[in-house]
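Some notes on the structure that comes next.
The values are calculated or read from the model by the stated rules, or taken from the named source; none is laboratory data. From a predicted model like this one, the values you see are computed outputs, not experimental measurements. Don't worry about glycine lacking a Cβ; one is built from the backbone with ideal geometry, like all the others, and counts go over all protein chains shown. Heads up: the accessible areas ignore ligands, DNA and RNA and are worked out on the full protein's heavy atoms, side chains in. Shrake-Rupley method; radii C 1.70, N 1.55, O 1.52, S 1.80 Å.
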Amino acid sequence: MLKFLINHPALTICSASLFIFICTFIYYLIKINGLKKNLLLQGKLPSKKTSSYTGSIILTFAVEVLPFLIPLRIFVLTIICACGILGEIIIFRERISTL
């Protein structure tokens, strides 16, 4: 029988990071939709999102999910998860500035 060893601290870090990622994603989507509505009320058309924007969001999500798939040391996990969240924030702030 195959026995899996679960590294509980690593799983906790990855889960918390994914939760923060999703919360940040929802926060910025609400903020961007609000800005788009304000621009439409002012009679301005918001700029279209580019394919690089969508691709960048997909890549940051892949960075967040990667530690679930590959066993790494805790300090490496922490750095990878932080990079994914910071990358997401940078992408959304860039999107807000292009509106």
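Tabulated values for the structure
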item: Exposure ranking of Arg95, Arg73 by accessible area [1.4 Å probe, largest first]; result: Arg73, Arg95
item: Percentage relative contact order, the chain, counting C-alpha pairs under 8 Å, at least six apart; result: 43 percent
item: Packing-based ranking, highest mean first, of 27-34, 12-19, 38-45 given that Cβ atoms within 10 Å are counted; result: 12-19, 27-34, 38-45
item: Å² of accessible area per residue within region 28-84, as computed with a 1.4 Å probe and no ligands counted; result: 72 Å²
item: For region 27-70, alpha-carbon Rg relative to the globular expectation (2.2 N^0.38 Å, N residues); result: 1.61
item: In Hz, Karplus ³J(HN,Hα) per residue of region 69-76 (6.51, -1.76, 1.60; θ = phi - 60°; x = Gly, Pro); result: 8, 10, x, 9, 6, 5, 5, 5
item: Label-point gap, in nm, between Ile22 and Ile79 - each point 7 angstrom along Cα→Cβ; result: 2.8 nm
item: Cα long-axis angle, helix 8-41 against the chain (0 to 90 degrees, to the nearest 10); result: 10 degrees
item: Calculated log₁₀ intensity ratio I(q)/I(0) where the Debye formula runs over C-alpha points of region 1-84, q = 0.12, 0.18 Å⁻¹; result: -0.51, -0.83
item: Helix-only [θ]222 nm of the chain, DSSP H runs n ≥ 4, -39500 (n - 2.57) each, per residue, nearest 500; result: -28000 deg cm²/dmol
